[in-house]
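Please treat every number below as a calculation from the coordinates, not as lab data. Owing to the predicted nature of the structure, the values given are computational and were not obtained by experimental measurement. Methodologically, a virtual Cβ is constructed for each residue, glycine included, from the backbone with ideal geometry; neighbour enumeration extends over all protein chains shown.
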Amino acid sequence: RRSYNEERPHEALAMDTPAQHYRPSQRAMPRTPPEPDYPQEAAVRWVRHNGEIRWNGGFVYVSQSLAGEAVAATEAEDGQWALTFHDYPLGIIDTRRMKLVRRSAAPTKPLGA
């Protein structure tokens, strides 16, 4: 790594080394991310190590990448539950099938159809 960053020149950098162009970020990052500010009426669930949350006596898979994080379910007017992580919508909990239905997953057509 030292050789790559401090000794070897790179054509894309006008034959400078990456270390000559590196600058630390001036934006301060918090030691820990802020806690989510979920509405009082939200049902907050902690994502388990395997990516699931406990919901109505069962488990719904959310995402293993959110393990240890708090997510919030808020009831919509139609009786469905919308799941969010901070302000990011994750999907709708299908309570019949105990699955998370991702709204962003639009059906795709096969090529040439």
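Shown here: mean projected area of the Cα convex hull in nm², derived from the displayed model; of the candidates (i) 6.3; (ii) 6.6; (iii) 14.0, it corresponds to (iii). Highest mean packing comes first when the peptides 83-90, 39-46, 7-14, 25-32 are listed by Cβ atoms within 10 Å, giving 83-90, 39-46, 7-14, 25-32.
Its DSSP H runs of at least 4 residues, each contributing -39,500 (n - 2.57), put the calculated 222 nm mean residue ellipticity of the chain at -500 deg cm²/dmol, to the nearest 500. For segment 3-37, list residues with backbone N below 18 Å from a point placed 7 Å from the Cα of D87 toward its Cβ? It comes to 30, 33-37, nothing else. Going by the alpha-carbon gyration tensor, a ≥ b ≥ c the square roots of its eigenvalues, is segment 43-101 rounded (a/c under 1.5) or, if a/c is not under 1.5, prolate (a/b greater than b/c) versus oblate? Oblate, since a/c reaches 1.5 and b/c is not below a/b. Using the Cβ of E69 as centre and a radius below 12 Å, the other residues enclosed give a net charge of +1, where K and R count +1 and D and E count -1. In percent, rounded to a whole number, the relative contact order of the chain is 15, using alpha-carbon pairs under 8 Å and six or more apart.
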